[in-house]
Amino acid sequence: MEAYFLEKMVSFSSEGQTKNIFFESEKLKAQVIGLEAGKKIPPCRMDQDVIFIVLSGRGRIIVDGEEQPMRETSFIFVPKEKESRSLQAETRMAILAIQVRV
């Protein structure tokens, strides 16, 4: 068993997103992302399914043009088949992102 304290892993930068990859295996990659208010993760395509869990803050996720609000305790699943995903922070956000490699 491995245990991680995510609140100690998140950091923030006025330059843009920060990320701390804290677990990686053949099947999973887990990281904590920090975004200051007003900052974005630009649109990208992933080759894996991704789960986002908002640890703190509020923002929006845009997946293939569909916009969805995100807030603390939100769970968002984005399948690998989607063409584009991006995140936008309305307040300072901490997000757990888990890539599922199946």
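Tabulated data for the structure shown
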quantity	calculated
Positive minus negative residues near ALA94 (Lys, Arg vs Asp, Glu; Cβ under 14 Å)	+2
For LYS80, residues with placed amide H under 5 Å, excluding near neighbours	ASP49, VAL50
Residue among SER25, PRO79, VAL54 farthest towards the positive dipole end of segment 17-100, charges placed on Cβ	VAL54
Trypsin sites (Lys or Arg not before Pro) restricted to segment 22-97 and DSSP loop, no more than 12 other C-beta within 10 Å	LYS27, ARG45
The chain - Kirkwood radius from inverse mean 1/r over Cα pairs (Å)	13.7
Whichever aspartates and glutamates have a C-alpha closer than 19 Å to that of LYS19, once near sequence neighbours (fewer than 8 apart) are set aside	GLU7, GLU36, ASP47, ASP49, GLU72, GLU90
Dipole moment magnitude, nearest 20 debye, the chain about Cα centre, only Lys, Arg, Asp, Glu C-beta charged	140
Gaussian network model of the chain, Cα within-10 Å springs - most flexible of GLN48, GLN88, GLN68	GLN68
CYS44-MET1 FRET efficiency (beta carbon distance; Förster radius 35 Å; 0.05 resolution)	0.60
Using a Förster distance of 25 Å, the FRET efficiency for LYS27-GLU67 (Cβ separation, nearest 0.05)	0.25
Spatially proximal lysines relative to LYS80 (Cα-Cα < 18 Å; intrachain offsets below 8 disregarded)	LYS27, LYS29
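Read-outs throughout are calculated quantities, based only on the coordinates presented, and are distinct from any laboratory measurement. In this text, all values refer to a predicted model and were calculated from it rather than measured experimentally. Reconstructed Cβ throughout: ideal geometry from the backbone, glycine too, with neighbour counts over all protein chains shown.
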